[in-house]
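Here's the structure we're looking at; comments come further down.
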Amino acid sequence: MIWQINFSDLQEITHGRILQFIVERPVIELFTDSRKVIPMGTELFFAIPGARNDGHDFIRELYDTGVRQFVVQKTVDLGGYPEANFIQVSDTIDALQKISGHHRNQFQIPVIGITGSNGKTIIKEWLFQLLSGEYTIIKNPGSYNSQIGVPLSVWGIRHYHQLGIFEAGISTTGEMEKLEPIIQPTIGLFTNIGSAHDEGFKDIEVKIAEKLKLFRNSKILIYCKDHLDIRRQVRELDLPAFSWGLSDGADVSIRTLEDSYEVTTANENFTISLPFSDKASAENCFHCIATMLYLKYDPALIKKRIQSLRSVPMRLEMKEGINNCQIIDDSYNNDLAGLQISLDFLKSQYQKKKKSIILSDMQQTGLNDFEMAKKVADAANRSGLQSIICIGAGLFDHQNLFSAKSLFYRSTDDFLKSFNDDYFRDEIILIKGARSFHFEKIVNVLQRKVHGTLMEINLGSLIDNLNFFRSKLSGTKIMVMVKAFAYGSGSIEIANVLQYHRVDYLGVAYVDEGVDLRKNNITLPIMVMNPSEGSYDQLLQYGLEPEVYNFRMMKSFLNFLEKRTCRVHIKLDTGMHRLGFSDADLDDLIVALKENKNMEIASIFSHLAGADEERHDSFSRAQGEKFKSWANKISSSLGYRPLYHVLNSPGILRFPEMHFDMVRLGIGLYGIDPTPMKSSLRPVATLKTIISQIKYIPKGETIGYGRAGLATRDLKVATIAIGYADGFSRAFSGGKGEVLINGKRSPVIGNVCMDMTMVDVTDVEAKEGDEVIIFGEQLPIQEVAEKIGTIPYEILTSTSERVKRVFVAESI
């Protein structure tokens with residue numbers, strides 16, 4: 001059955017009120033993010049007001065790009081939108097959910113609904129892999145499991161789908177009741193219960209009860225009977241259930257053998273080996289096995305397909321490539337919803353002007369080759385790509401559908417045989433393919449080879465932190481400091497994300513940092529904090545704005561400018577006593593500014609000396625008052641008011657009365673809370689390496705340079721691929737430093753070497769090639785810094801640029 005919703009249908013579906021109806025249009029695409037709308041005439045934009053961003057603020061911009069259908073919550077002046085349809089509702093998220101629920105009602109396909117604390121996305125992806133041989137499946141792209149993500153996912157159901165697999169996550173009471181009528185699961189799957197989002201629920205009993213509301217109309221609930229709290233409530237609610245576990249009476253009984261498991265049901269008994277050894281993956285596997293058994297899959301087929309499972313990378317990875325390219329690695333999965341997400345991410349990258357894609361046929365879409373190729377071509381053609389490389393017979397046979405410069409190959413091997421190192425140069429390449437095409441081979445060819453140490457930068461966490469600070473502001477502009485290689489995180493890539501997310505200014509320490517950003521298509525205003533006389537010509541050439549902090553620097557810059565003009569930032573010293581004009585300089589400064597109109601004052605600013613510590617609060621407030629008085633005096637003499645700013649990351653959180661016109665966000669963006677307030681910031685950077693070798697050292701032997709490490713017992717010692725040349729300080733020597741290997745702490749033994757370090761893994765299950773965490777979410781950088789009496793700033797910025805940065809974002 002093929003059907004559609006028209007704009008005129010929305011009033012009845014949402015119980016809203018049509019404000020303006022110009023022409024009937026079908027509703028085919030739903031959008032809540034203004035940056036991802038591709039105007040086609042059939043899109044519907046939901047203006048969602050939030051604590052950090054308000055969709056209503058982007059209606060003008062969207063209209064100018066061609067969007068003509070809007071769902072709004074606030075009052076809108078319709079006079080400026082003569083061609084657009086508008087409907088007003090009491091709650092735009094609720095309207096989105098109602099529309100998606102109405103869409104869901106048109107389809108009678110079976111749906112697996114998944115909830116729980118952990119494992120939801122992995123189980124969903126594995127079930128997709130395991131069941132795709134028999135079903136054409138629709139699923140959430142990535143972890144689109146929220147109040148907005150679920151309806152956007154369910155909207156993707158089409159007439160050719162035979163099974164839905166949707167995950168749902170909630171953070172407080174009342175949310176699941178809204179998601180259940182959208183998903184309408186016929187089969188439920190409850191993964192487990194843990195501490196995630198505990199703050200949104202009275203206790204664990206309430207949390208379980210809220211999650212179980214997803215299954216109130218399901219035909220069956222699949223769960224692990226070993227989770228006693230879940231089992232008790234399932235029994236009390238008398239939900240129809242199909243359980244698995246080690247517990248007596250489970251429908252699928254599991255018994256652990258030496259290197260496998262015995263699985264017993266009322267009708268079957270078989271042994272099965274899992275391709276994973278960790279407890280969490282084993283539990284996720286048995287949720288999938290129980291689901292397949294409920295669906296009457298033959299044990300032999302279950303065993304075969306379980307062995308084909310591989311770890312699911314849950315995000316895109318951006319890596320350095322050959323010939324100054326960047327690689328967006330999404331090489332394991334390809335479906336229509338995931339393709340659009342990956343293309344949206346590619347669209348957000350401005351570092352290179354040229355953008356290309358390598359993609360494979362899409363399998364298990366339920367479409368014939370022409371329909372599949374048409375949908376892929378439509379998505380690719382409207383994404384502004386310079387080149388498209390298609391691999392697979394389905395795309396190969398429909399080359400005429402692609403408008404950009406395109407190359408076609410029937411197989412991955414055909415592409416690799418013809419590959420020329422010079423084909424890609426100075427561009428961003430998205431690599432996205434179905435697993436059967438083994439695109440990891442292509443990634444391996446295109447990726448610049450790196451040693452085992454890398455810093456992983458989570459762009460999703462960085463954006464969350466940006467929005468957290470935005471939520472503390474009201475109309476105040478944000479300058480983000482990307483000096484010192486963006487605190488070790490990679491200036492160009494970070495600046496690109498910030499530009500996409502519409503920050504107002506960037507701040508760098510030196511002119512060459514700003515020049516690098518301009519050369520990589522960063523167009524935001526950039527303040528340079530410490531310009532030198534030899535760099536003035538580049539300041540003007542690249543449109544950079546210098547900080548002016550004393551009369552000597554001002555005079556030399558004015559002499560350079562002659563009759564040219566430049567925007568500058570005036571630094572006042574209100575108590576930091578580092579750089580800046582003092583109180584005694586004010587009168588002469590005002591005279592100089594009035595006499596030299598070729599310096600346009602973009603901002604006046606200062607810096608608090610102790611914004612992060614409560615004991616300095618009275619001094620900080622005195623600095624603020626002093627700054628305001630001095631800045632007002634300068635502004636009144638200029639005849640215009642430049643931007644005022646004094647606050648850094650801790651100041652933003654602790655002194656809202658000093659937000660003024662702009663704030664300067666630095667270390668807080670990277671997930672490090674510089675205050676004792678314990679805010680909800682997320683770590684952005686993870687420094688990791690690998691074990692190069694493991695040795696067994698007898699008691700009494702010494703380890704490393706200077707024989708500084710002594711084996712006081714028989715030891716198992718791992719040599720890891722990081723040293724002080726990578727930024728792992730020699731101060732971590734002699735047991736002061738610890739690293740994390742397979743979830744356990746391992747102390748440094750002996751002295752840190754230039755490129756290697758030895759750690760004690762006697763009590764750790766470890767093997768050569770295992771991952772080693774230097775700092776990250778499970779080993780906080782604050783704790784690492786305290787070990788050697790320093791601060792997180794130093795640990796981050798000390799990480800050498802030879803350590804490759806890999807940028808990750810949500811995928812599929």
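The values are calculated or read from the model by the stated rules, or taken from the named source; none is laboratory data. Because the structure is a prediction, the values reported are computed rather than measured. Cβ sites come from the backbone with ideal geometry, for glycine too, and all protein chains shown count toward neighbours. Only protein heavy atoms, including side chains, enter the accessible area calculation; ligands, DNA and RNA are left aside. Shrake-Rupley method; radii C 1.70, N 1.55, O 1.52, S 1.80 Å.
Quick notes on this one:
- Beta bridges by DSSP in region 7-116, antiparallel share as percent, to the nearest 5: 30
- Scaled to the globular estimate 2.2 N^0.38 Å, the Cα spread of region 580-620, given as radius of gyration, is 1.63.
- Using a cutoff of 8 angstrom between alpha carbon atoms and counting only pairs six or more residues apart, the relative contact order for region 586-719 works out to 17 percent.
- Counting only the Cα atoms, region 733-791 fills a convex hull of 88 Å³ per residue.
- Set the Cα radius of gyration of the chain against 2.2 N^0.38 Å, with N its number of residues, and you get 1.04.
- Violating pairs (Cα-Cα greater than 20 angstrom) within the set K716/K744; K98/K120; K319/K354; K571/K597; K207/K279; K354/K804: K98/K120; K207/K279; K354/K804
- Model label zone, T712; criterion: amide N under 14 Å from point 7 Å along Cα-to-beta-carbon; scope region 745-772: 747-750, 760
- For region 71-171, share of DSSP beta bridges that run antiparallel, in % to the nearest 5: 0
- The accessible area of R730, taken with all protein chains in place and a 1.4 Å probe, comes to roughly 120 Å².
- Out-of-range pairs (alpha-carbon distance over 31 Å; input K139/K477; K374/K519; K36/K139): K139/K477; K374/K519
- Here each label is just a point 7 Å from Cα along the line to Cβ, and for E61 and N550 those points are 4.1 nm apart.
- Sparse-neighbour loop sites [GluC sites (Glu not before Pro); region 222-309; at most 10 other C-beta within 10 Å; DSSP]: E258
- Once the chain from N467 to E613 is taken as fully extended at 0.36 nm per residue, the excess over their C-alpha distance is 50.2 nm.
- Taking amide H positions as modeled 1.01 Å from N, with prolines and chain starts lacking one, the residues under 5 Å from L430 and 5 or more places away or on another chain are I328, S356, I357, I358.
- Cα pair count fraction exceeding 26 Å, expressed as % - region 1-120: 23
- Förster radius 41 Å - calculated FRET efficiency between S629 and K787 (Cβ-Cβ, nearest 0.05): 0.40
- Using the Cβ-Cβ distance between T762 and Q307 with R0 = 35 Å, the FRET efficiency computed as 1/(1 + (r/R0)^6) comes to roughly 0.55.
- Shape descriptor for region 422-535: Rg over Rh equals 1.05 (Cα atoms; Rh from the Kirkwood inverse mean 1/r).
- Among residues other than A377 with Cβ under 13 Å from its Cβ, the summed charge is -2 (Lys and Arg +1, Asp and Glu -1).
- Region 327-404: trypsin sites (Lys or Arg not before Pro) falling in loop per DSSP and having at most 12 other Cβ within 10 Å: K353
- Taken along the Cα-to-beta-carbon direction at a fixed 7 Å, the label points for R578 and S260 span 6.5 nm.
- Within-14-Å neighbourhood charge of Y297 [Cβ basis; K, R +1; D, E -1]: +1
- Per-q log10 I(q)/I(0), region 299-412, q = 0.12, 0.13, 0.19, 0.22 Å⁻¹ (Debye; single scatterer per alpha-carbon; no solvent): -0.48, -0.56, -1.07, -1.32
- Rounded to 5, the percent of DSSP beta bridges in the chain classed as antiparallel: 40
- DSSP-assigned coil residues among trypsin sites (Lys or Arg not before Pro) in region 413-459, each with at most 16 further Cβ atoms within 10 Å: R425, R448, K449
- Estimated from the Cβ-Cβ distance and a Förster radius of 56 angstrom, the FRET efficiency linking N267 and H15 is about 0.70.
- Candidate aspartates and glutamates - alpha carbon under 18 Å from K225, same-chain residues fewer than 8 apart omitted: E205, E236, D238, D248, D251, E262, E283
- D (Stokes-Einstein, µm²/s), Kirkwood Cα radius, region 694-812, 0.692 mPa s at 37 °C: 221
- Largest accessible area first, the residues D585, D238 order themselves as D238, D585 under a 1.4 Å probe with ligands, DNA and RNA left out.
- Approximate spin-label separation R232-A51, in nm, with each point projected 7 Å along Cα-to-Cβ: 3.1
- Residue among L653, I18, A495 farthest towards the positive dipole end of the chain, charges placed on Cβ: A495
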